[in-house]
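The values are calculated or read from the model by the stated rules, or taken from the named source; none is laboratory data. Because the structure is a prediction, the values reported are computed rather than measured. No Cβ is skipped: glycine too gets one built from the backbone with ideal geometry, and neighbour counts run over all protein chains shown. For accessibility, only protein heavy atoms count, side chains too; no ligands or nucleic acids. Shrake-Rupley method; radii C 1.70, N 1.55, O 1.52, S 1.80 Å.
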Amino acid sequence: MSRIGKLPITIPAGVEIKVSDKNLVTVKGALGSLQQQVHPDMTIEIENGTLSVKRPTEQKRHKAMHGLYRTLIANMVHGVSKGYQIKQELVGVGYKATHTGKALELSLGFSHSVMVIMPDEVKVEAVTDRGKNPIITLTSHDKQLIGQVAAKLRSLLKPEPYKGKGLKFVGEEIKRKSGKTSAK
């Protein structure tokens, strides 16, 4: 069996999981509700507060789907119970970030500021402390959506390898290059 696929998912208190006839998994919790369509070959069993995903054969595609759907459902359970948070940092002189409701305004050195409207499921917060880089915090119950929004923000100004300026994840190490002066 798949190492990931065979692990059972423990259902925490306050989380409700329903599986429809067409293998549509709905997970509801304190932070929201998520749905995932599961391939009809996979079977989902809920018993004694745990959920397990079973596969019909040992074919390579069934093994791949086994681990995939188990992980997707586990991410949904974690999301509606605890949620996900991604922090990004703006590195560079003059770069600013402010938020008003669902809108995030970024000043990234372009001739105009960049406005990004967040989806309803994602909450944004921008904090600028004196003498420190601005920090953008994204919070959501949907792991796929929050990752997609974070990647979209990062694509606006990727960190460059010489000085490390740009929009990066907090804790991320940028592989730095030495400039022309180190060639001597």
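Between Phe169 and Gln37, the contour length at 0.36 nm per residue exceeds the Cα-Cα span by 44.5 nm. Per residue, the solvent-accessible area of the chain (1.4 Å probe, heavy atoms of protein chains only, all protein chains present) comes to 63 Å². Given a cut-off of 19 Å, name the pairs among Lys96/Lys180; Lys96/Lys132; Lys82/Lys143 whose C-alpha atoms lie farther apart than that in the structure shown. Violating the 19 Å limit, Cα to Cα: Lys96/Lys180. In this rough spin-label picture, where each label sits 7 Å from Cα along the Cβ direction, the Phe110-Thr98 distance is 1.8 nm.
For Lys123, the aspartates and glutamates whose Cα comes closer than 17 Å to its Cα, not counting residues fewer than 8 places off in the same chain, are Glu89, Glu105, Asp142. Relative contact order of the range 1-92, taken over Cα pairs closer than 8 Å and 6 or more residues apart, is 34 percent. Charged side chains reduced to their Cβ positions (Lys and Arg at +1, Asp and Glu at -1) give the range 73-131 a dipole of some 80 debye around its Cα centre. Each residue, Gln85 and Val19, gets one label point 7 Å from its Cα in the Cβ direction; the gap between the two is 3.3 nm.
Over the range 98-179, the hull volume per residue, using the convex hull of the C-alpha atoms, is 116 Å³. With helices as the sole contributors, the chain gives -6500 deg cm²/dmol at 222 nm; each DSSP H run of n ≥ 4 counts as -39500 (n - 2.57), and the sum is divided by every residue.
Using a probe radius of 1.4 angstrom, the carbon and sulfur fraction of the accessible surface of the chain is 52%. Inter-part distance, the range 43-100 to the range 125-164, computed on C-alpha centroids, equals 20 Å. Its Cα centre serving as origin, the chain has a Cβ charge dipole (Lys and Arg +1, Asp and Glu -1) of approximately 1040 debye. Here the 3J(HN,Hα) profile of the range 142-149, calculated from phi with Karplus coefficients 6.51, -1.76 and 1.60 at θ = phi - 60°, is 9, 5, 5, 5, 5, x, 5, 5 Hz, Gly and Pro shown as x. Ordering 138-148, 119-129 by mean Cβ neighbour count within 10 Å, with the highest value first, yields 138-148, 119-129. Considering only Ala150, Thr139, Leu90, the residue lying farthest towards the positive end of the dipole of the range 69-176 is Leu90, judged by Cα position with unit charges set on Cβ. If you fit an axis through the alpha-carbon atoms of helix 60-81 and take the longest principal axis of the Cα set of the chain, what angle between them do you get, 0 to 90°, nearest 10? Roughly 70 degrees between the two axes. Put a dot 7 Å past the Cα of Thr26, heading toward its Cβ, do the same for Thr137, and the two dots end up 3.2 nm apart. If a/c stays under 1.5 just call it rounded; otherwise compare a/b with b/c (prolate if a/b is bigger, oblate if not). Do that for the chain, with a ≥ b ≥ c from the square roots of the Cα gyration tensor eigenvalues. The shape class here is prolate. For the listed residue pairs Lys102/Lys165; Lys6/Lys63; Lys28/Lys152, the alpha carbons are over 20 angstrom apart in Lys102/Lys165; Lys28/Lys152.
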